[in-house]
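The values are calculated or read from the model by the stated rules, or taken from the named source; none is laboratory data. Here the structure is a predicted model, which means the values were calculated and not measured. Backbone-built Cβ (ideal geometry, glycine too); neighbour counts: all protein chains shown.
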Amino acid sequence: MDVIFELKNEPEWANEINDDIKASFPEYFATNPLIGSEAWWESIDEDVINGKITHVGNFIEDGEVVDIVSILPLDEDFNGDSAYSVGQPEFSVLREDFWLNDIVKPEALVQIKSVTVCPTGELDEYSVYIETQVGVS
């Protein structure tokens, strides 16, 4: 799998996120390390989504043409054959930045690692979704 995005290699990516959380939820950092710090990287539990790219390119959404990458999740917990499997819908991301890589094409497999930071302690409108790594094969 070729890594097309690695957040650890992006300089100063967390500064704005940390500033926003400090301004609105300063108590968050009493028990959590600064986002992007070595301590933060060591403490996070990344979510992993494995999927297959089903579409790359233009798509009409609400009467506008948008350039997207559509991904069908392939994780067994969601899409397995058991009676308890829950079909997870295909999702799309805007085709910009690292998604413009030539390796991103239909039928390619993708792995997205991410973490969600919850400054209030709960998943809500203040939560921040952060992609940490994306690989494609």
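Overview of results
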item: Residues satisfying the stated conditions in region 41-75, i.e. within 17 Å of Thr116 (Cβ to Cβ) and under 17 Å from the mean Cα position of the chain (by Cα); result: Trp41, Ile44, Asp45, Glu46, Asp47, Val48, Ile49, Pro73, Asp75
item: Pairs, first at negative phi in region 35-49, second surrounded by fewer than 13 Cβ atoms within 10 Å (Cβ to Cβ), C-beta under 9 Å, six or more apart; result: Trp41/Lys8; Asp47/Thr116
item: Pairs with Cβ under 6 Å, 6+ apart, first in region 113-137 and under 17 Å from Lys52 (Cα atoms), second among the aromatic types (Phe, Trp, Tyr) and assigned to a strand (DSSP E or B); result: Val134/Phe5
item: Filtered residue count, region 68-89, keeping only those that are modelled with pLDDT of 90 or more, over 14 Å from Gln111 (Cβ atoms) and either touching a Lys or Arg at 6+ places or on another chain (Cβ under 6 Å) or assigned to a loop (DSSP other than H, G, I, E, B) (or both); result: 1
item: Selection status of Gly57, loosely packed, with under 14 Cβ neighbours inside 10 Å and either part of a strand (DSSP E or B) or at pLDDT below 95 (or both); result: yes
item: Residues within region 119-137 that are assigned to a strand (DSSP E or B) and either of a type outside the set (Gly, Ala, Ser) or more than 30 Å from Pro106 (Cα to Cα) (or both), tallied; result: 8
item: So Ile103, is it surrounded by 13 or more Cβ atoms within 10 Å (Cβ to Cβ), under 16 Å from Phe5 (Cα atoms), at pLDDT below 95 and not charged (D, E, K, R); result: no
